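Please treat every number below as a calculation from the coordinates, not as lab data. The structure presented is a predicted model; accordingly, all values stated were derived computationally and were not measured. Reconstructed Cβ throughout: ideal geometry from the backbone, glycine too, with neighbour counts over all protein chains shown.
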Amino acid sequence: MRIGIWIATERPFDDLLASALEAERVGFDAVYIADHFMPQESPADQPRLEAWTTLGALAARTERVRLGVLVTGNTYRHPAVLANMAATADRISNGRVVLGLGAGWQRNEHVAYGIDLPEVPELLGRLDEACQVVRTLLDNDRSSFDGRWYHLADAPCEPKPVQDHLPLLVGVSGEQIAMGIAARHADIWNYWGTPDGIAHKIEVLDRHCEAEGRDPATLERSTQALVRMSEDSAQLAAWASEATRQPSITGTQAQITEELGRYDSLGVDEFVLSDRTLGASRAERFEAMARFAGEVAAPFRP
């Protein structure tokens, strides 16, 4: 099982870069960042670094880790533009980019910037077409596409990525339609989840793959959760009493290792943790990153 880290983009770039370099040094396999321009919560005035510009800078400064946006909001960039951005970033990184793509959802960003946020059926229709657009542009010398929302007319995407097949990661959770899009188009499916939650989702994903005539084993599974780890029982009790919007796994180092084992037994190919819960200071975050990569995740690494 690969391990990745999702680095907060609200910190200054020097801090973010230091975290990416440290993740590479201590053995993480991937570094991801989010695609948001402002917080969801009010007041929404905390700075955010733009994702793909930042990814290009990380591509130039790192050497080994895979790099991706987890995930790109499809409403923010035309998929043809995104394909060219991903190809360029892959060139800069010498073949380490994962193109993460999702439908888009954060309403306050769309309102603030005057970007349309359609109803869910249209969002998913656009995502389905966007996956086709980026795939054909990345893989073919020239591409034509005549969809409902997107159109290409003998369009190039040059230079091509370094990778013969740049991986497309689709982050979706809807069981009726959205996960079917991942089954049709994705190389990697991503979902926020605890082991209990993701077990059911994997069953749904497998059914969608079978309906598409695809071997489920050809679609990688990636997941993330907030990791809150401590040997202090009082701290663990305090965390347990807090409500979290995102799935989290909380416990001692031994308990977190056990939870990772549950992910591994479910066939999860990649686990991503957020650095937001690893400590308030850079030193605390770096110490937690080293422990996680060197001790917690070690039994499940390739």
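Are there any GluC sites (Glu not before Pro) in the stretch 212-302 that are in a DSSP loop and have at most 16 other Cβ atoms within 10 Å? List them by number. Numbers along the way, then the final one.
Numbers: sites: GLU212, GLU220, GLU231, GLU242, GLU258, GLU259, GLU270, GLU284, GLU287, GLU295; in loops: GLU212, GLU231, GLU242.
Of the GluC sites (Glu not before Pro), the ones in loops of the stretch 212-302 whose Cβ has at most 16 other Cβ atoms within 10 Å are GLU212, GLU231, GLU242.
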Estimated Rh, the stretch 83-214: Kirkwood, alpha-carbon pairs, angstrom: 16.0
Once you charge only the Cβ atoms, +1 for Lys and Arg and -1 for Asp and Glu, what is the size of the charge dipole of the stretch 2-300 about its Cα centre, to the nearest 20 debye? 360
If you take all C-alpha pairs in the stretch 184-302, what percent of them are over 22 Å apart? 38
Please list the three semi-axes, largest first and in whole Å, of the ellipsoid equivalent to the stretch 2-300, using sqrt of 5 times the eigenvalues of its alpha carbon gyration tensor. 31, 22, 20
For the chain, with +1 on Lys and Arg beta carbons and -1 on Asp and Glu, the positive-most of ALA103, ALA293, ILE202 along the dipole: ALA293
Stick to the Cα atoms of the stretch 52-161, pair each with every other, and give me the Kirkwood hydrodynamic radius in Å at one decimal. 14.6
Any idea what the relative contact order of the chain is, in percent, if you count C-alpha pairs under 8 Å spaced at least 6 apart? 18
Rounded to the nearest Å, what's the spacing between the alpha carbon centres of the stretch 126-202 and the stretch 213-254? Just the number, please. 26
